[in-house]
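No value in this document is a laboratory result; all are computed from the given coordinates. Only a predicted model underlies this, so the values are computations on that prediction, with no experimental measurement involved. Cβ placement follows ideal geometry from the backbone for every residue including glycine, while neighbour counts extend to all protein chains displayed.
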Amino acid sequence: MYKIRIILDTKEDVIRTILFDADINLENLHRNIAKSFGFKGQEMASFYRTDSEWTQGEEIPLFNMEESGEGISMETCILKDVLPKEEYERELQKYLASKSITEYTIIEKEKGIIPMTSYRFWKENSKNVLHIGTVGGWTKASTGYTFKNTSKKTKELIVFLKTENDFKNFRKKTRFWFYDLLMLDVLSTHNHLGSKLFSKLFQRNSLKNVFRFLDEETSFIEDLKIMLSMPPFRFVLALFKRVLNIKH
């Protein structure tokens with residue numbers, strides 16, 4: 001899965017941030033991008049390979065332009081194949097350099113997909129088997145936070161094991177789980193709003209309170225203050241749909 005930000009270069013920038021499957025071809029990518037801006041997706045277009053300085057390189061046209069039929073086109077190019085991991089590593093190095101961080105040692109590399117889901121993972125537990133970590137639902141659905149959640153869950157598990165022996169009972173659905181559920185409902189239908197929503201969250205609240213909220217350590221009153229700082233319409237609509245069990 002790739003998160004791609006698209007900027008329409010007009011008098012005032014129009015921005016879309018969209019999640020795309022890594023196996024999508026560039027033709028479908030183009031049509032999805034066009035439709036996100038209200039176009040029909042039938043407009044002529046090209047992608048270009050670039051280097052880290054955005055120097056325009058090889059063209060990837062919408063249609064095969066070679067008479068022999070052997071040229072490349074958007075249909076034959078897969079997103080994950082035109083975004084090599086070396087590009088990501090170079091961008092990370094540039095970012096570190098911009099922060100004057102030049103002396104460091106990489107001791108381990110990790111990559112993957114953040115599982116943004118409120119699936120009831122505890123249903124997969126049995127009396128004697130407990131799934132932990134991401135497969136146990138210990139990753140926070142709306143942010144991908146895992147390490148701190150795992151630390152908390154481990155402490156809860158120790159307390160649980162002192163009095164219980166049936167892992168099917170090791171589950172606790174809190175109000176934060178429901179908050180995440182509403183956020184995912186909003187993003188599932190308005191994914192392009194994701195960056196704007198998180199930006200407003202940090203702009204309108206103190207950094208300390210935001211991180212306490214994301215770490216699920218705030219009181220209900222503090223939760224309300226943070227929620228009231230967000231654009232209400234989408235979340236209220238998602239809440240009503242959940243309460244009325246309306247599919248969307």
(message) If I take the Cα coordinates of the chain and project them onto the principal axes, what are the three extents in Å, biggest first?
(response) 74, 45, 41
(message) So for the chain, averaging the separation of alpha carbon pairs under 8 Å that are six or more residues apart and normalising by length, what relative contact order in percent results?
(response) 13 percent
(request) Could you pull out the GluC sites (Glu not before Pro) across the stretch 109-199 that fall in loop regions by DSSP (anything but H, G, I, E, B) with no more than 13 other Cβ atoms inside 10 Å? (result) GLU110, GLU164
(request) State to the nearest 20 debye the size of the charge dipole of the chain about its Cα centre, where the only charges are +1 on K and R beta carbons and -1 on D and E beta carbons. (result) 2100 debye
(request) Could you state the orientation-averaged shadow area of the convex hull built on the Cα atoms of the stretch 175-244, in nm² to one decimal? (result) 4.5 nm²
(message) Using Cβ counts within 10 Å as a stand-in for footprinting exposure, how do HIS190, HIS30 rank, fewest first?
(response) HIS190, HIS30
(request) Can you work out the PRE-style zone for GLU91? Point 7 Å along Cα to Cβ, and I want the residues of the stretch 182-200 with backbone N under 20 Å. (result) 191-199
(message) Please check: in the Gaussian network model of the chain (C-alpha springs, under 10 Å), which one of GLY38, GLY144, GLY136 has the largest mean-square fluctuation.
(response) GLY38
(message) Assuming 0.36 nm per residue, please report the length gained on full extension of the stretch THR146 to ILE107 beyond their Cα-Cα distance.
(response) 12.0 nm
(request) Would you mind telling me which residue in ASN128, ASN191, ASN32 has the biggest mean-square fluctuation in a Gaussian network model of the chain, where springs connect alpha carbons within a distance under 10 angstrom? (result) ASN128
